[in-house]
Amino acid sequence: MNFFPNYYSIEDIFVTQEKVECKVNTKLQRMGFLDAGAEGDDLEAGRSINLPLWYIKELKVNNAYFTVSVPDIYKNVHKAVCEAETTHIELGRLHPYFYEFGRYLTPYDRNHVIGRIIFETMRQRVRHLLDISKNDGQMAKSELRLDNIEAKLHEAGVRTNTQYINWLQMTGNKILISELVEEHQKKRKRDRSDDESDSLPSSKRVTL
């Protein structure tokens, strides 16, 4: 199993624990334990069961045994994507890891719907993310209810915009001369003073 962005990622664990509806394509003997409503030891064809995403990845679902169903959250967003109105959707309310969950599901989507939805959703919302990053961070974030990735992009945008404003207003740290350059300048001044002293007429030199 792959772990993104790393093995110890809590966010990745949350995403892969999410259960996804799968349709059983053929009778599976002694697999009835996967279905809480199964009446026997076998899993009958045509049944729909919910499996965690990490289990689906291990089973290599979308074969002769199971078919993954597209979650309703992506079906609900599809209409908004077509009408270019995704900026009004509260993604965090639909799923806190909307993009990451969709990324994991893309290989099992035979109709290639989920991949297009998450791409178009981000493409349509990224400009709005830039706009709200210029406003009060917490207020804009709470109003829109961003998903996890968008929240991180929003925080990075607010931080970058603040740094840019500070730079324009010259309120940030001023550029300082490095110690090496400063020492070099002092040495040049001493050398120049010595040269000027040597160039003075002998009558003007002070003899101790």
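Okay, residues lined up against (1) farther than 28 Å from N50 by Cα; (2) at pLDDT 90 or above; (3) open to solvent by 40 Å² or more (accessible area, probe 1.4 Å); (4) in contact with an Asp or Glu (Cβ under 8 Å, 6 or more places away or on another chain):
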site: N111; (1), (2), (3), (4): no, no, yes, no
site: I118; (1), (2), (3), (4): no, yes, no, no
site: L146; (1), (2), (3), (4): no, no, no, no
site: K152; (1), (2), (3), (4): yes, no, yes, no
site: T162; (1), (2), (3), (4): yes, no, yes, no
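Only one residue in V181, V158 is touching a helix residue (DSSP H, G or I) at 6+ places or on another chain (Cβ under 9 Å), open to solvent by less than 100 Å² (accessible area, probe 1.4 Å) and either over 30 Å from L130 (Cβ atoms) or modelled with pLDDT of 65 or more (or both). Which one? Let's see the steps before the verdict.
Values: V181 fails: touching a helix residue (DSSP H, G or I) at 6+ places or on another chain (Cβ under 9 Å).
Result: V158 is the single residue among V181, V158 that is touching a helix residue (DSSP H, G or I) at 6+ places or on another chain (Cβ under 9 Å), open to solvent by less than 100 Å² (accessible area, probe 1.4 Å) and either over 30 Å from L130 (Cβ atoms) or modelled with pLDDT of 65 or more (or both).
Do we find that P71 is within 22 Å of the chain's Cα centre (by Cα) and buried (at least 16 other Cβ atoms within 10 Å of the Cβ) in this structure? I'd like the intermediate steps shown before the answer.
Values: within 22 Å of the chain's Cα centre (by Cα): yes; buried (at least 16 other Cβ atoms within 10 Å of the Cβ): yes.
Yes.
Since T207 meets every condition but one in (1) modelled with pLDDT under 85; (2) of a type in the set (S, T, Y); (3) not in a loop (DSSP other than H, G, I, E, B), which condition does it not meet?
Of (1) modelled with pLDDT under 85; (2) of a type in the set (S, T, Y); (3) not in a loop (DSSP other than H, G, I, E, B), only one is false for T207: (3).
Looking at V24, V15, V77, V81, which is the one that is in contact with a strand residue (DSSP E or B) (Cβ under 9 Å, 6 or more places away or on another chain) and either touching a residue at least 40 places away in the same chain (Cβ under 8 Å) or not small (G, A, S) (or both)? Walk me through how you get there before you give the answer.
Working: V15 fails: in contact with a strand residue (DSSP E or B) (Cβ under 9 Å, 6 or more places away or on another chain); V77 fails: in contact with a strand residue (DSSP E or B) (Cβ under 9 Å, 6 or more places away or on another chain); V81 fails: in contact with a strand residue (DSSP E or B) (Cβ under 9 Å, 6 or more places away or on another chain).
Going through V24, V15, V77, V81 in turn, just one is in contact with a strand residue (DSSP E or B) (Cβ under 9 Å, 6 or more places away or on another chain) and either touching a residue at least 40 places away in the same chain (Cβ under 8 Å) or not small (G, A, S) (or both): V24.
Find the residue count for region 145-166, including only residues that are in contact with a Pro (Cβ under 9 Å, 6 or more places away or on another chain) and either among the charged types (D, E, K, R) or more than 20 Å from L94 (Cβ to Cβ) (or both).
Here the count works out to 1.
Quick check on this structure: which one of A45, A80 is among the small types (G, A, S) and surrounded by 13 or more Cβ atoms within 10 Å (Cβ to Cβ)?
Working: A45 fails: surrounded by 13 or more Cβ atoms within 10 Å (Cβ to Cβ).
Result: A80 is the single residue among A45, A80 that is among the small types (G, A, S) and surrounded by 13 or more Cβ atoms within 10 Å (Cβ to Cβ).
What pairs can you find where one residue is in region 87-102 and surrounded by fewer than 17 Cβ atoms within 10 Å (Cβ to Cβ), the other is not in a helix (DSSP H, G or I), and their Cβ atoms are less than 6 Å apart, with a gap of 6+ or different chains?
E90/R145; R93/R145
The values are calculated or read from the model by the stated rules, or taken from the named source; none is laboratory data. These figures come from a predicted structure and were not determined experimentally. FYI the Cβ positions are ideal-geometry reconstructions off the backbone, even for glycines, and counts take in every protein chain you see. SASA here: full protein model, heavy atoms, side chains in, ligands and nucleic acids out. Shrake-Rupley method; radii C 1.70, N 1.55, O 1.52, S 1.80 Å.
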